[in-house]
Amino acid sequence: MKADTTTDFLIIGAGFSGLVMAERLSAAGWKCVVVDRRSHLGGNAYDRKSDVGVLVHPYGPHYFRSNSPRIVDYLSAFTEWHEVNYTIKSYTRGRHWSFPINLNTFEEYLGRPASTEEFTSWLEQTRIPIADPQNSEEVIISQVGRELYELFFEGYTLKQWKLHPRELDASVCGRIPIRTNRDDRYLSESFQALPKHGYTAMFETMLNASPGVELHLGVDFQEARSRWNHQHLIFTGAIDEFYDRRFGALPYRSLRFEQESFSAEQLRGREAISGKPGFWQPSMQVNYPDAEVPFTRIVEMKHATGQQIDASTIVREFPKDWSAGAEPFYPVPTPDARAAYQQYSALAAAEPNTTFSGRLATYRYYNMDQVTGMAIAEADKLISRYGSKS
């Protein structure tokens, strides 16, 4: 399709933020051009089949969950769901542990059965009382004490962020629940599911339902601005990149992914570790907090997708420093980084015809349902401002 030179909304980024806003604006009758410099839609939520036919998340696992019926209902217009309880393990001291910390973890630690009452009492004696935890170390030791913190959190966090937990906001480790019962789910939200046929299929359905949207892949921000005149710009990329890093580059963490597939024959004999045939490891995600292991986790999405296939694929995740040209995956949640972002935020607030939406554009970690809710809200503001053509 030959691109027009004029559009109502030019949207930079074809991930959750950009595609949801495009769908909402298109439903109101507006014309949108969505561009992405990658060769696929979906941003980091993009998924595809591996070489053995297993649906994988090439950019790390995306565990959809939400407590918002409104957001779930919105996305349900574009996908059916495969409900799942996401479960993970932690591998350290030569064995797999139940994680997040729960009563099962405590029994593994003791090497014998225990009760919720005993675990609660042990935590009261072990934890370090801190009334107002100011960082990730304090938020964990105030709940479980230093030994379990060092066992599961300290090494993993150092690898993931290349910063000590005491240098990171309390929210980083505070997102992980601590439970005294046997609930071993990784997440606590009321709705936990994956799109039945994958995120990519969901986004394709969203686009097919939006006749006013053009998608152009392999097109970066600078090229897009030169190709399309537009009434309003929506930017979902890194905010410091938008401003040519005028105040310097904001700090990010990047990732490298290593994918490996196994045939049914290669998986034979793994049952002693995985607990069931056809799988490589015992849960969807296994964390590796030990410093001598170079990756932070291994993900085997087949545990969650429910695919009936004999082969399997795992993805190892290696954190790395961010540099120009690499993908910025995580804004670094430190006070200094927040202060640096505020300089760019002040510039963004003075842009009357540009909307900044999403993780990178607002320099903050959000779950997918939160990004979806933000995108819907921002689209509603634009429709309120410009009206509806439909």
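What follows draws every value from the coordinates through simple rules; no lab data is involved. Predicted model, so just to flag it, every value in this text is computed and none were measured. Neighbour counts are summed over all protein chains in view; Cβ atoms, including those assigned to glycine, are modelled from backbone coordinates with ideal geometry.
Considering only 151, 19, 360, the mean-square fluctuation computed in a Gaussian network model of the chain, springs between alpha carbons under 10 angstrom, is largest for 151.
Quick one: Debye curve from the C-alpha atoms of segment 207-288, no solvent, what's log10 I(q)/I(0) at q = 0.14, 0.18, 0.25 Å⁻¹? Log10 of I(q)/I(0), two decimals: -0.78, -0.89, -1.31.
Computed over the chain, the quotient of the alpha carbon radius of gyration and 2.2 N^0.38 Å is 1.05. Here the label points at residue 5 and residue 130, each 7 Å from Cα along the C-beta direction, are separated by 5.9 nm in the simple model. How many angstrom lie between the Cα centre of segment 19-59 and the Cα centre of segment 197-214? What the calculation gives is 7 Å, centre to centre.
Note on segment 1-103: percent of Cα-Cα distances in each 10 Å bin, starting at 0 and stopping at the bin with the largest distance, equals 11, 30, 31, 18, 7, 3, 0.
For residue 81, the shell of other residues with beta-carbons less than 12 Å away shows a net charge of -1, using +1 for Lys and Arg and -1 for Asp and Glu. Computed FRET efficiency, Cβ-Cβ of residue 175 and residue 271, R0 51 Å: what is it to the nearest 0.05? The value I calculate is 0.95. Computed on the Cα atoms alone, the convex hull of segment 98-161 gives a volume of 81 cubic angstrom per residue. In a solvent-free Debye calculation with one equal scatterer on each Cα, what is log10 I(q)/I(0) for segment 165-216 at q = 0.20, 0.22, 0.31 Å⁻¹, listed in the order of the q values? Taken in order of the listed q values, log10 I(q)/I(0) reads -0.83, -0.89, -1.17.
Relative to the current alpha-carbon distance between residue 231 and residue 51, full extension at 0.36 nm per residue lengthens the span by 60.5 nm.
Computed over the alpha-carbon atoms, segment 168-259 gives an Rg to Rh ratio of 1.06, Rh here being the Kirkwood radius from the mean inverse distance. Most simply put, the chain has about 60% antiparallel DSSP beta bridges, counting only bridges with both residues inside it. Computing FRET efficiency as 1/(1 + (r/R0)^6) for residue 339 and residue 290, where r is the C-beta to C-beta distance and R0 is 25 Å, gives about 0.15. Binning the C-alpha pair distances of segment 33-179 at 5 Å intervals from 0 yields a P(r) profile of 2, 7, 12, 15, 15, 14, 13, 10, 7, 3, 1, 0, 0 %, listed from the shortest bin outward. Could you state the number of Å between the C-alpha centres of segment 255-288 and segment 67-83? Comparing the Cα centres of segment 67-83 and segment 255-288, I get a distance of 30 Å.
Placing a label point 7 Å from the Cα of residue 259 along the Cα-to-Cβ direction, the residues of segment 294-322 with a backbone N closer than 15 Å are 299-302, 312-318.
The calculated FRET efficiency for residue 39 paired with residue 205, based on their beta-carbon distance and R0 = 25 Å, is about 0.80.
Cα centroid separation, segment 308-338 to segment 109-162: 25 Å.
Per-residue 3J(HN,Hα) values for segment 135-144, derived from phi via the Karplus relation 6.51 cos²θ - 1.76 cosθ + 1.60 with θ = phi - 60°, read 8, 5, 5, 5, 5, 7, 5, 6, 9, 10 Hz in sequence order (x marks Gly and Pro).
Distance between the modelled labels on residue 307 and residue 385, one decimal in nanometres: 4.2 nm (7 Å Cα→Cβ projection).
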